[in-house]
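Quick notes on the structure that follows.
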Amino acid sequence: MTGTLRVDHAVSSGTFSLDGETFDVDNNIWVVGDDTECVVIDAPHSVEDILAVVGERRVKAIVCTHAHDDHVRVAPALRERVVAPILLHPDDRPVWELTHGGAADADGHLWDLDLADGAEIEVAGTVLRVLHTPGHAPGAVCLYAPDLGCVFTGDTLFQGGPGATGRSFSDLPTLEAAIREKLFALPDETVVHTGHGDDTTIGAEASALGRA
Ligand SMILES: [Zn+2]
């Protein structure tokens, strides 16, 4: 590890489309690492926006919290620039195919590596632990960074409550169960870095939603 372990952030603007409707959205880009290497969490609208946060560092992985187009649209283009694998939970395959189609590479992969609940992604001397939290999308994951005291929740949990479940592939009871089981088990002071909008904490959201 070189330099201080840290979380860097930018906001990227674009659109989200599902079920025949399109919306303007601002997405958070999160980059976890040190001065030498990093992991990119979500690849929304602009490769240049992401590379501005990465700088000269080596990208070890492009981790997708889920496959809605506003989180994965430029993942393949980013992979071309940084030569890093794209990681996604396999339950989001039908969602991924809406954006990138079903064409596999020579190895039969749509993306590069499957995420699984409990897996750990190593970067800069620390780990990001994968929490499978279906509901907003079937393959949605959160990434818990115990050494940093934070969790990256994508669209599973926002400041103010659970992510949207009104569209295809979503289910509110599934989402709330996953949040209570996997996220509310984390320490209350854990900072929640969301896919859109401001940070919150596990304690604040657990108080608002209720733990059971
Ligand atoms: Zn989403």
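The residue of region 97-130 that is least open to solvent (accessible area, probe 1.4 Å), among those that are within 16 Å of the ligand (Cβ to nearest atom) and aliphatic (A, V, I, L, M), is Leu115. Screening Thr2 on (1) assigned to a loop (DSSP other than H, G, I, E, B); (2) within 16 Å of the chain's Cα centre (by Cα) shows it passes everything except condition (2). Within region 51-61, does at least one residue satisfy the condition of being in a helix (DSSP H, G or I) and either among the polar types (S, T, N, Q) or within 16 Å of the ligand (Cβ to nearest atom) (or both)? Scanning region 51-61 turns up no residue that is in a helix (DSSP H, G or I) and either among the polar types (S, T, N, Q) or within 16 Å of the ligand (Cβ to nearest atom) (or both).
Filter region 8-24 for residues that are assigned to a strand (DSSP E or B) and more than 30 Å from Gly55 (Cβ to Cβ) and give the result.
Ser17, Leu18, Glu21, Thr22, Phe23
In region 140-160, the qualifying residues are those that are open to solvent by 10 Å² or more (accessible area, probe 1.4 Å) and part of a strand (DSSP E or B), and the one that is nearest to the ligand (Cβ to nearest atom) is Phe158. Here is a check on your reading of the model: is Asp42 in contact (Cβ under 8 Å) with a residue 40 or more places away in the chain, within 14 Å of the ligand (Cβ to nearest atom), touching a helix residue (DSSP H, G or I) at 6+ places or on another chain (Cβ under 9 Å) and of a type in the set (Asp, Glu)? The answer is yes for Asp42. Of all residues in region 29-63, those that are open to solvent by 10 Å² or more (accessible area, probe 1.4 Å) and of a type outside the set (Val, Ile, Thr) total 14.
Right, Ala137: touching a residue at least 24 places away in the same chain (Cβ under 8 Å), open to solvent by less than 30 Å² (accessible area, probe 1.4 Å), farther than 27 Å from Asp34 by Cα and away from the ligand (no atom under 13 Å from the Cβ) or not? When the stated conditions are applied, Ala137 does not pass them. Pairs are defined by a Cβ separation below 9 Å, a sequence spacing of at least 6 or placement on different chains, a first member in region 59-87 that is of a type in the set (Asp, Glu), and a second member that is within 16 Å of the ligand (Cβ to nearest atom) and in a helix (DSSP H, G or I); the pairs so defined are Asp69/Val95; Asp69/Leu98; Asp69/Thr99; Asp69/His100.
The values are calculated or read from the model by the stated rules, or taken from the named source; none is laboratory data. Every value quoted in this text rests on a predicted model; they were computed, and no experiment measured them. Cβ sites come from the backbone with ideal geometry, for glycine too, and all protein chains shown count toward neighbours. In case anyone asks, the SASA skips ligands and DNA or RNA and just uses the protein heavy atoms, side chains included. Shrake-Rupley method; radii C 1.70, N 1.55, O 1.52, S 1.80 Å.
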